[in-house]
Amino acid sequence: MPAVLIDDVHKRFGNLEVLKGVSLTVEPGQVVALIGRSGSGKSTLLRCINGLEAIQSGRIEVAGHIVDQDPKHLRELRKDVGIVFQSYNLFPHLTVSQNIMLSPRITQNVPQAQAETLAREVLAQVGLSEKFDSYPDNLSGGQQQRVAIARSLAMRPKVMLFDEVTSALDPELTGEVLLVMEKLAKGGMTMLLVTHEMNFARNVASTTIFMHQGKIWESGPSRELFSNPQTPELRNFVSAGAH
Amino acid sequence: MSLQFESVLAETDIILDGIMLTIGLSASAIVLGLIFAVLLVALRTLAGRWAGIAVDCYVELMRNTPFLVQLFMIFFGLPLVGIRMSGTQAALLAMTLNLAAYATEIIRAGVDSIHKSQLEAGLSLALSKRQVFQYVVLQPAFARVWPALSSQFVLMMLASSICSFISVQELSGAAAIIEQRTFRSFETYIIVTVIYLLLALSLKVFLLWLGQRLFAPVSGLARVDVKAEAA
């Protein structure tokens, strides 16, 4: 069974159709990159997968859950599907460890001591053990994003979604976040990521999907896709990104 | 004109009792009103459309009628439907209900100011809407509107003087009694003015201190401290 199955999904904002029949599958352990211009629908697609956006037609299954808009179903789904956002979205009034422990404590009833162990574990995974008691405001953007990844990992997700997680970071900080993601990918995490980091897509993602005007325009094994784009749109996009 | 404070100061006991009642009424109304307000905001945010409309109606009713009239409605109106209470109890109820309405409006503004991305982060971590409200939204919302809430609390403390209209012997009620006994109106109210001023300023300072203790990590102050440390 695929980890993510998307079948003929249509999504409209008012009269604007942003997804015009998108279908794709992600196998367990696979890393898939979604690339494309702003407005091509890639972020919307990602947000549909964990139910942050409702779809008008089609079908999405992820980690064994069928995505609908029933709040109870969505909570169960989100225990298995992590998402990391461009703007980190850490909770400013909670320390790093409290950010991480919040959901395990209240949605999975993990006891405090065990939650602390879990927090130390995932913080070590992103290389930020020493920030256990810091507040988000005292961290750099790259550190905040790594904490956000750790916070997602603490849920023990089966699938991780990354929505342009390095777009708000300068190049130096981008590197440290991508390194963490690469480690995750090598560790066998199923990942679907929207990214503008073409090198990362080429080198880490096994499959890259190029979206254009709300459709999957072209997809394939990453290296082939980048070295030999079939459509003029992807060719333009890749050469524009290469500057 | 000559001011004579001796006869007024001879009534210190009444003044002290008045101060204690003003503080007691205000503190109780602030705590109870705040709890009620949080429940109303939760109802408005989480429950359905009709609950929201009901809360809005309540808030508008209390914010668009005079406190004195609300006090009279409770003190003279409730006995007609079989609910008897002392003047002090009626005062506390009126102050609580009035403060709750204003605080609801202020806290709601704070809740609305929390960025949608914070809610999405909470929901994405499998929290329910109630849990997002309770654990993600409420504290930062409070931190943002704490100054506005604080001035509302001070206004309520000052408005407690209106309760003297139903013979509650808080500070203003005490003043009225002393005035009748001594015929030293101006002296009495000079003293009462100074006391109210001191009470209001003390409350303001206390609330500022409390806000910094409770909300330091989310207010701008914490960040300034950190920068100062680094420098």
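The values are calculated or read from the model by the stated rules, or taken from the named source; none is laboratory data. Keep in mind that what you see is a predicted model, and the values were worked out from it rather than measured. For neighbour counting, all protein chains shown are included, and Cβ atoms are generated from backbone atoms with ideal geometry for every residue, glycine included. What goes into the accessible areas is simple: the full protein's heavy atoms, side chains included, and nothing from ligands, DNA or RNA. Shrake-Rupley method; radii C 1.70, N 1.55, O 1.52, S 1.80 Å.
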#### Entry: Peptide-level mean, for A:138-147, of C-beta atoms on other protein chains within 10 Å
1
#### Entry: Test item: Cα-centred dipole of the protein assembly as shown, Lys/Arg +1 and Asp/Glu -1 on Cβ, debye
860
## Note on the structure
Between the residues A:Ile6, A:Asn203, A:Asn228, the Cα farthest towards the positive end of the dipole of the range A:4-239, that dipole coming from +1 and -1 charges on the beta-carbon of Lys, Arg, Asp and Glu, is from A:Ile6
### Message
Can you give me the distance in nm between label points at A:Gln230 and A:His196, each placed 7 Å from the Cα along the Cα-to-Cβ direction?
### Response
2.8
### Query
So what are the ³J(HN,Hα) numbers for the range A:27-38, from phi and the Karplus equation (6.51, -1.76, 1.60; θ = phi - 60°), rounded to whole Hz, Gly and Pro as x?
7, x, x, 7, 10, 10, 9, 10, 10, x, 5, 4
### Query
What angle, in degrees between 0 and 90 and rounded to the nearest 10, separates the Cα long axis of helix B:220-230 from the longest principal axis of the Cα atoms of chain B?
70
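How many Lys pairs in chain A lie less than 13 angstrom apart by Cα atoms, where the lysines are 8 or more positions apart or on different chains? Walk me through the numbers before you get to the answer.
Values: A:Lys11/A:Lys20; A:Lys11/A:Lys42; A:Lys11/A:Lys215; A:Lys20/A:Lys42; A:Lys20/A:Lys215; A:Lys42/A:Lys215; A:Lys79/A:Lys158.
Final tally of qualifying lysine pairs is 7.
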### Dipole of the range B:6-218 [Lys/Arg +1, Asp/Glu -1 at C-beta], most positive-end residue of B:Ala54, B:Leu125, B:Ala109
B:Leu125
### Query
Using the per-residue mean of other Cβ atoms lying within 10 Å as a proxy for protection, in what order, highest first, do the peptides A:191-199, B:105-113 fall?
A:191-199, B:105-113
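Rounded, prolate or oblate: which fits chain B, taking a ≥ b ≥ c as square roots of the Cα gyration tensor eigenvalues, rounded meaning a/c under 1.5, else prolate when a/b beats b/c?
Working: a/c = 3.49, a/b = 1.56, b/c = 2.24.
Because a/c hits 1.5 or more and a/b fails to exceed b/c, chain B counts as oblate.
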## Note on the structure
The distance between the Cα centres of the range A:69-86 and the range B:47-119, in whole Å, is 37
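With a ≥ b ≥ c the root eigenvalues of the C-alpha gyration tensor of the range A:21-172, is it rounded (a/c under 1.5), prolate (a/b larger than b/c) or oblate? List each step's numbers first, then the result.
Numbers: a/c = 2.12, a/b = 1.38, b/c = 1.54.
Judged from the Cα gyration tensor, the range A:21-172 comes out oblate (a/c at least 1.5, b/c at or above a/b).
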### Query
Whose amide H sits under 5 Å from the amide H of A:Glu53, counting only residues 5 or more places off or on another chain, with H placed in the peptide plane?
A:Cys48
### Task
Just need the relative contact order of the range A:4-239 here, percent rounded to a whole number, with Cα pairs under 8 Å and 6+ apart.
28
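How high is the relative contact order of the range A:142-243, in percent, counting Cα pairs under 8 Å that sit 6 or more residues apart?
On the way: 89 pairs, mean separation 21.1, N = 102.
Relative CO of the range A:142-243 lands at 21 percent.
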## Note on the structure
Taking Cα atoms, the helix B:49-63 axis meets the longest principal axis of chain B at an angle in degrees (rounded to 10) of 30
### Summary
Percent relative contact order for chain B, counting Cα pairs under 8 Å at least six residues apart, stands at 29
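Can you give the mean number of other chain Cβ atoms that lie within 10 Å of the Cβ atoms in peptide B:115-122? Each step should come with its number before you reach the end.
On the way: counts 2, 1, 5, 5, 2, 7, 12, 4.
Mean partner shielding for this stretch: 5.
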### Query
Tilt of helix A:232-241 relative to the longest C-alpha principal axis of chain A, in degrees (0 to 90, nearest 10)?
40
### Query
When the accessible area of the protein assembly as shown is split by element with a 1.4 Å probe, what percent falls to carbon and sulfur?
59
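In Å², what does the accessible area per residue of the protein assembly as shown work out to with a 1.4 Å probe?
Solvent-accessible surface per residue comes out at 47 Å².
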### Message
Could you derive backbone 3J(HN,Hα) for the range A:127-135 from the dihedral phi with the Karplus parameters 6.51, -1.76 and 1.60 (θ = phi - 60°), listing whole Hz in sequence and x where the residue is Gly or Pro?
### Response
x, 10, 3, 6, 9, 3, 9, 6, 8
### Query
Over what distance in Å are the Cα centres of the range A:1-53 and the range B:138-189 separated?
60
#### Entry: Shielded by partner chains, the range B:124-140 residues - at least 10 Å² of accessible area, 1.4 Å probe, vs chain alone
B:Ser124, B:Leu125, B:Ala126, B:Leu127, B:Ser128, B:Gln131, B:Tyr135, B:Val136, B:Gln139, B:Pro140
### Query
For A:Ala168 and A:Ser38 in the same chain, what is the full-extension length gain: residue separation times 0.36 nm, less their Cα-Cα distance, in nm?
45.4 nm
### Query
Which whole number gives the average, over all residues in A:87-98, of C-beta atoms from other chains lying within 10 Å of the residue C-beta?
5
### Query
Hey, rough spin-label estimate for B:Leu214 and A:Asn15, points 7 angstrom out along Cα→Cβ, what's it come to in nanometres?
4.8
### Query
Total Å² of accessible surface buried at the A-B contact, 1.4 Å probe, nearest 100?
2000
